[in-house]
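So the structure is just underneath, and the comments pick up after that.
The values are calculated or read from the model by the stated rules, or taken from the named source; none is laboratory data. Keep in mind the model is a prediction, meaning the values are calculated, not measured. We place every Cβ from the backbone using ideal geometry, glycine too, and count neighbours over all the protein chains shown. Only protein heavy atoms, including side chains, enter the accessible area calculation; ligands, DNA and RNA are left aside. Shrake-Rupley method; radii C 1.70, N 1.55, O 1.52, S 1.80 Å.
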Amino acid sequence: MTVLDSLRRRHVPDTAEVDSAAVVVDGLTKRFGRGPLILDDISLRVAPGEFLCILGASGCGKSTLLNLIAGLEQPTAGRVAVPGHKPSLMFQEPALYPWLTAAENIGLALKLRGVDKGERKDQIERLLSLVRLDGAGAKRPHELSGGMRQRVALARALAQDSQVLLMDEPFAALDAITRDVLHDELTRIREEVGATVLFVTHNVREAVRLGDRVVLLSSRPGRVANTFAVGIPQPRRIESPEVAALSVEITEHLRTEIRRHAQAPTR
Amino acid sequence: MTTATDGNRELEAGLDALELGPIEARRAWWRRALSGGLPPIVAMLALLGIWQLIVSTQHPVNLPTPSEVGNEFQAQWDLGRIQQAVGNSLYHGILGFLISAAVATPLGVLLARVSLLRRSFRPLVTGLQSLPSVVWVPAGILWFGLSARTLFFVVLMGAIPSIVNGTISGIDQVPPLYLRVGHVLGARGLTLARHVLLPAALPGYLGGLKQGWAFSWRSLMAAELIASSGSLGLGQIIEDARNISSFPGVIVGILAILVVGIAVDLVFFSPLERRVLKRRGLLTA
């Protein structure tokens, strides 16, 4: 490979490279109007089936990054490529529609994807069973617990049948026990459906518990500060010494990133 | 591994059961009817008692006794005037309300979603809503004469701004997250409106419709009082009684208007609103 080739490779990934990745983020920069820079030159490649956790303190633009990948926002510079289906997105709030039952919420996602009415019923059953809510399909969101709602939201996201699942702090509002259980569930379901997951969180242990790789973002503007490979085999326990050891290391880096802002004048 | 998964399944089932709590037994229907129906009935009887008391103390107030009003009602009922007036007024009121809803709903959606239209017309709509609809009666008479069209005109001018405003605030109250989820699920434009925006706006919209009915009914009564259109209405019963200085007759008219207004709410709007709110978990008990 010549020098010129390698340079070109850096800026214009060839099609083979794009096709082999589930998500490509290249030099992504975002500012809203004339406001401050939110994201600065972020580049990420997520392999198919990879579980990537994006970690950062407040103001690192984690949510903006997911919105850009989901196509809800347009980048100021750089580009995002998600080959295949549109990615699905899950939020911190389940955001289920309260006028629909759990099954109908999942059914709406199928309907909007163009699944036939006859086939929808089977798929709803299958998805409810996948998130272990068999028999709860007729319940309305307000009749479900927080953890159950988030599982319905996960089933709805999976109903979009996209290969890429974007998750924006989906378990942040849940109690610790429920969160632990949902970590196990997410690990299991991800293996079953083989999806690529981009998971945004500010919880270091959660990132190490779940991710194959953890990307640490700096704040204001968001930049990739560090990347950590998590070599711990699944299933992991969040309280295991391996998870704790790596969490300590990443937390140190995160704290260093946050401390840098103590010197910077606040606006 | 299998046991771990099974253990997890049980753990999850346990968590779900604990979070949901025990199912509370429903109270017997007669208890619910009693606790719901008794307080207003007692309040009514108390008011009747106070009325009787005022009259029987020979207070120098020109007020008929409850029994005089009852007799007058009986007399009018036997003549068939009450039934006819209630029928005509309800017909004009409900038809006028339905036309208003049909006109105001798309207008409201348009004003809620198109920023320029909203900034241009919202102040006017709010102004019209606070305008007493009786001011439209003279204009209606000049345009349409003493006819049913005048009644409809006044009802429409009274109800449309109120329903437009209700629709706008219903749509404004839709959490933006619902729309973002709709976007992520692939809904755009009319599909988004049909599956997300309109169902989400329904509780606020129903509130607007309810208020719209109240405005329709009041506007109609104002119009009937002034512009007797040939078909006997409740407003005209009051006006006729005033012309022959029959105080009991005036009170019969007022009470009939009140009762019909309450009845429409109790029979139609309240159950509908309760149903919608209850399904969404916005109503406890």
Quick one: how many Å² of B:LEU258 are accessible to a 1.4 Å probe, rounded to 10? 90
Sorting A:MET90, B:MET157, B:MET44 by accessible area (1.4 Å probe), largest first, what list results? B:MET44, B:MET157, A:MET90
Computed FRET value (nearest 0.05) for A:ALA244 with A:ASP41, which takes r as the C-beta separation and R₀ as 30 Å: 0.35
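Quick one: compute the contact order of chain A, relative version, from alpha carbon pairs under 8 angstrom and 6+ residues apart, as a percent.
Normalised by residue count, the contact order of chain A is 25 percent.
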Could you list which residues have their amide H under 5 Å from that of A:ASN226, counting only those 5 or more apart in sequence or on another chain, with H placed in the peptide plane? A:LEU216
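Test of understanding: express the Cα radius of gyration of the protein assembly as shown as a ratio to 2.2 N^0.38 Å, with N the residue count.
1.33
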My understanding is that a pair violates if its Cα-Cα distance is over 24 Å; which of A:LYS139/B:LYS210; A:LYS30/A:LYS111; A:LYS86/B:LYS278; B:LYS210/B:LYS278; A:LYS62/A:LYS86; A:LYS121/B:LYS278 do that in this structure? A:LYS139/B:LYS210; A:LYS30/A:LYS111; A:LYS86/B:LYS278; A:LYS121/B:LYS278
For region A:192-208, 3J(HN,Hα) per residue [Karplus equation, 6.51 cos²θ - 1.76 cosθ + 1.60, θ = phi - 60°, Hz, x = Gly/Pro]: 5, 9, x, 7, 8, 10, 10, 10, 9, 7, 10, 9, 4, 5, 4, 4, 6
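Report for chain A the percent antiparallel among DSSP-assigned beta bridges with both residues inside it, nearest 5. Don't skip to the end; give the middle numbers.
On the way: 16 of 34 bridges.
Of those bridges, close to 45 percent are antiparallel.
Give me D for region B:194-242 in µm² s⁻¹, whole number, from Stokes-Einstein with Rh from the Kirkwood sum over alpha-carbon pairs, 37 °C and 0.692 mPa s.
Details: Rh = 12.8 Å.
My calculation gives 255 µm²/s for D.
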Acute angle (nearest 10 degrees) that the helix B:270-279 long axis makes with the longest principal axis of chain B, alpha-carbon atoms: 10
What list of ³J(HN,Hα) values in whole Hz, one per residue of region A:252-257 in order, does the Karplus curve 6.51 cos²θ - 1.76 cosθ + 1.60 (θ = phi - 60°) give from phi, with Gly and Pro shown as x? 4, 4, 4, 5, 4, 4
Whole-angstrom gap from region A:245-259 to region A:114-179, using each part's C-alpha centre: 33
Is the shape of chain A rounded, prolate or oblate, going by the alpha carbon gyration tensor and its root eigenvalues a ≥ b ≥ c, with a/c under 1.5 for rounded and a/b larger than b/c for prolate? prolate
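Work out, in µm²/s and without decimals, the Stokes-Einstein translational diffusion coefficient of region B:125-194 at 4 °C, 1.567 mPa s, Rh from Kirkwood over C-alpha pairs.
Translational diffusion coefficient: 88 µm²/s.
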DSSP loop GluC sites (Glu not before Pro) in region B:5-113 with at most 15 other Cβ atoms within 10 Å of their Cβ, which ones? B:GLU24
Quick one: buried accessible area between B and A, total over both chains, 1.4 angstrom probe, nearest 100 Å²? 3000
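In square angstrom, what is the accessible area per residue of chain B with a 1.4 angstrom probe?
That works out to 57 Å² for each residue.
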Restricting everything to alpha-carbon atoms, can you work out Rg to Rh for region B:77-279 with a Kirkwood hydrodynamic radius? 1.06
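Output the relative contact order of region A:118-235, whole-number percent, from Cα pairs under 8 angstrom with separation of 6+ residues.
After rounding, I find 19 percent.
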Take the Cα atoms of region A:96-161, find their three principal axes, and give me the spread along each one in whole Å, biggest first. 30, 22, 17
Taking H as built 1.01 Å from N, whose amide H comes closer than 5 Å to the amide H of B:ALA227, not counting residues under 5 places away? none
Amide H contacts under 5 Å for A:ARG31, placed H, 5+ residues apart: A:ILE38, A:THR76
From the phi angles alone, apply the Karplus equation (6.51, -1.76, 1.60; θ = phi - 60°) to region A:81-88 and give each ³J(HN,Hα) in whole Hz, x where the residue is Gly or Pro. 10, 10, x, x, 4, 4, x, 9
Largest to smallest accessible area among A:HIS85, B:HIS183 [probe 1.4 Å]: A:HIS85, B:HIS183
Considering only C-alpha atoms, what is the centroid distance from region A:194-208 to region B:211-285, in Å? 59
How high is the relative contact order of chain B, given as a whole-number percent (alpha carbon pairs under 8 Å, six or more residues apart)? 20
For chain A, accessible area per residue (1.4 Å probe, heavy atoms of protein chains only), Å²: 45
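Quick one: ranking B:TRP30, B:TRP136, B:TRP213 by accessible area, 1.4 Å probe, largest first, what do you get?
B:TRP30, B:TRP136, B:TRP213
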Carbon and sulfur %, accessible surface of region A:20-122 computed with the full protein complex present, 1.4 Å: 49
